[in-house]
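S.K.: The following block contains the structure, expressed as structure tokens.
Throughout, read-outs are computed from the coordinates displayed, never taken from laboratory work. From a predicted model like this one, the values you see are computed outputs, not experimental measurements. Note that each Cβ is placed from the backbone with ideal geometry, even for glycine, and that neighbours are counted across all protein chains shown.
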Amino acid sequence: MDIDLRFEPVTPERWTDFETLFGPRGAFCDCWCVALRLPHAVRTKMRPEERKEHIKSRIAAGPPPGILAYADDRPVAWVQIGPRHDVPQFNSPRVVSRPLEDGDALDASIWAISCFFLAAPLRGKGLSHHLLQGAIDHARQNGARYLEGCPIDHTKQSKSVTLCIGSTAIFDAAGFEPVARRKDGRPLMRLELQQ
């Protein structure tokens with residue numbers, strides 16, 4: 001699909017755009033992109049409005065926890081990206097995305113791309129490659145040394161909700177290398193940004 005996307009960090013001034021993109025259901029089932037920010041036991045006890053308020057407060061506190069993609073000045077996609085320490089559940093010792101080395105979660109130069117969200121009409125049209133490139137550019141411009149993701153190898157269809165973590169194919173195409181495989185179909189992948 002040929003579409004021009006413009007990427008902007010999500011800041012308090014862009015909250016309305018973020019809210020518009022996520023819609024009344026908060027992206028995926030009222031998640032509001034807090035799944036990797038809060039422990040499961042905490043998150044599941046929260047009402048949707050509380051999850052929404054949590055991410056709104058996080059955006060207000062800065063620095064931006066991700067980027068918004070715009071097409072014709074409309075928000076059409078979101079990528080959660082930033083230093084690993086900003087998404088604590090991405091670093092849990094029990095998950096496949098846990099860091100390679102003990103200190104990586106605290107190293108501000110090691111970033112994680114942990115969630116994608118596209119407006120429904122744009123899903124399954126190949127835009128994920130553009131979103132990943134926008135995230136790579138954002139991380140590089142902000143001094144990241146490495147960018148990591150933990151995508152999924154296969155889904156039954158291109159519009160699957162599980163693709164919120166990204167497809168291994170798009171990470172491969174962007175030059176990421178597998179650095180660990182703790183579960184079949186879920187590689188931890190890394191791209192070196194500062195060479």
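S.K.: Going by the conditions given, is ILE113 without any contact (Cβ under 8 Å) to a residue 60 or more places away in the chain, touching a helix residue (DSSP H, G or I) at 6+ places or on another chain (Cβ under 7 Å) and closer than 23 Å to ALA69 by Cα? Lay out the reasoning, then the answer.
M.R.: Numbers: without any contact (Cβ under 8 Å) to a residue 60 or more places away in the chain: yes; touching a helix residue (DSSP H, G or I) at 6+ places or on another chain (Cβ under 7 Å): yes; closer than 23 Å to ALA69 by Cα: yes.
It is true that ILE113 is without any contact (Cβ under 8 Å) to a residue 60 or more places away in the chain, touching a helix residue (DSSP H, G or I) at 6+ places or on another chain (Cβ under 7 Å) and closer than 23 Å to ALA69 by Cα.
S.K.: Tally up the residues in region 171-189 that are outside any strand (DSSP E or B) and buried (at least 21 other Cβ atoms within 10 Å of the Cβ), please.
M.R.: Qualifying residue count for the region: 2.
S.K.: Please verify whether region 136-147 includes one or more residues that are surrounded by 21 or more Cβ atoms within 10 Å (Cβ to Cβ), in contact with a Gly (Cβ under 8 Å, 6 or more places away or on another chain) and not hydroxyl-bearing (Ser, Thr, Tyr).
M.R.: Scanning region 136-147 turns up no residue that is surrounded by 21 or more Cβ atoms within 10 Å (Cβ to Cβ), in contact with a Gly (Cβ under 8 Å, 6 or more places away or on another chain) and not hydroxyl-bearing (Ser, Thr, Tyr).
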